[in-house]
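One structure is given below, encoded as structure tokens.
The values are calculated or read from the model by the stated rules, or taken from the named source; none is laboratory data. Please read these numbers as outputs of a predicted model, since none were measured by experiment. FYI the Cβ positions are ideal-geometry reconstructions off the backbone, even for glycines, and counts take in every protein chain you see. The area values use the complete protein model at the heavy-atom level, side chains included, leaving out ligands, DNA and RNA. Shrake-Rupley method; radii C 1.70, N 1.55, O 1.52, S 1.80 Å.
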Amino acid sequence: EVLDWLCNNLTLSPFHKKYLSHRGIYHPERYKISTVPFQVEVELQKVFTIEQLLLSGFFKPSLRSGITGWPALKPDRIFIPYWVEDNIIGCKTRVDPYDIDQESKYAIPSGSRIAKHLWSPKPLYGDVIITEGEFKAAAACEVGFTAVSTNGINGASAAAMHLPKYVKKGKVKRLFVIYDNEIKSKISLSTVQADYLVKTLPNCVKIVLP
């Protein structure tokens with residue numbers, strides 16, 4: 001499968017490894033975070049047919065090269081497998097933090113249906129932190145917490161849909177919502193989403209960062 005190949009064959013560039021360490025992620029290999037290489041479609045065509053690559057949803061037709069994975073699989077973007085506990089169900093990519101053009105920050109291939117899921121790299125139990133962004137959740141996991149990430153700030157509905165069952169089964173005891181403390185406005189989208197989760201989820205409290 002194309003997704004499996006990407007997760008198991010891509011490597012992380014030294015620049016991106018340094019960037020992730022600054023974000024508190026010292027073992028990116030645990031999450032199979034990597035860097036999209038130049039002409040990844042050429043390498044994939046050594047293993048898969050063009051038809052298979054197009055059917056995967058990760059590529060689309062291109063007059064110039066036959067297929068293209070842009071913008072999600074543009075070279076030098078950070079490749080983030082989307083974990084749901086022990087399974088990888090899709091992926092997204094983040095713009096190269098050293099890219100001066102600063103295009104769209106995140107991109108999701110059309111074949112990667114992750115919008116209604118939480119990024120959760122390990123089984124959920126005990127106290128669980130809910131945050132926005134896979135890197136924040138990974139950094140929390142690095143220091144021993146169990147953390148999940150909504151798929152962007154608008155992904156709070158996924159948490160409201162999936163987490164109550166873990167609480168009801170007794171696996172999860174308490175939920176802590178830790179979103180960014182936005183100071184751009186008195187009532188930010190982060191605040192609205194965090195308050196929504198506290199009202200919706202059982203045994204849930206919000207932690208406000210200084």
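Summary of values
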| item | result |
| --- | --- |
| Relative contact order (%) - criterion: Cα under 8 Å, at least six apart; region: segment 8-138 | 22 |
| Within the accessible area of the chain (1.4 Å probe), percent carbon and sulfur | 56 |
| Helix runs (DSSP H) in the chain reaching 18 Å along axis by Cα, Kyte-Doolittle at least -1.0 | 156-168 |
| Heavy-atom surface of the chain, accessible at 1.4 Å and reported per residue (Å²) | 54 |
| Positive-end residue of PRO97, LEU118, HIS22, charge dipole of the chain with Cβ unit charges | LEU118 |
| Whole-angstrom gap from segment 135-168 to segment 8-53, using each part's C-alpha centre | 23 |
| Residues with amide H under 5 Å from that of ILE67, placed H, sequence gap 5 or more | SER62 |
| Sequence-separation-based contact order of segment 1-83, relative, with Cα cut under 8 Å and 6+ spacing, percent | 35 |
| Linear extension gain, ASN87 paired with THR49, 0.36 nm per residue minus alpha-carbon span | 11.2 nm |
| Computed label-point distance, nm, for sites SER157 and TRP70 using a 7 Å Cα→Cβ extension | 3.2 |
| Label-point separation in nm, GLU29 to ASN8, each point 7 Å along Cα→Cβ | 1.7 |
| Pair-distance profile P(r), taking every C-alpha pair of segment 1-53, with 10 angstrom steps and integer % | 23, 45, 24, 9 |
| GNM result for the chain, Cα springs below 10 Å: residue of PRO109, PRO28, PRO61 fluctuating most strongly | PRO61 |
| Estimated vicinal HN-Hα couplings, Hz - segment 32-43 in sequence order (Karplus 6.51, -1.76, 1.60; Gly, Pro = x) | 6, 6, 8, 10, 6, x, 5, 6, 4, 5, 5, 5 |
| Nearest-0.05 FRET efficiency for ARG113 and LYS165, computed from C-beta distance (R0 25 Å) | 0.80 |
| Dimensions (Å) - segment 1-101, Cα atoms, principal axes, largest first | 40, 35, 19 |
| Which labelled figure in [x] 0.99; [y] 1.18; [z] 1.04 is Rg/Rh (Cα atoms, Kirkwood Rh), once derived from the coordinates | [x] |
| 10 Å Cβ shell holding at most 14 others, DSSP loop, chymotrypsin sites (Phe, Trp or Tyr not before Pro): longest site-free stretch of the chain | 126-210 |
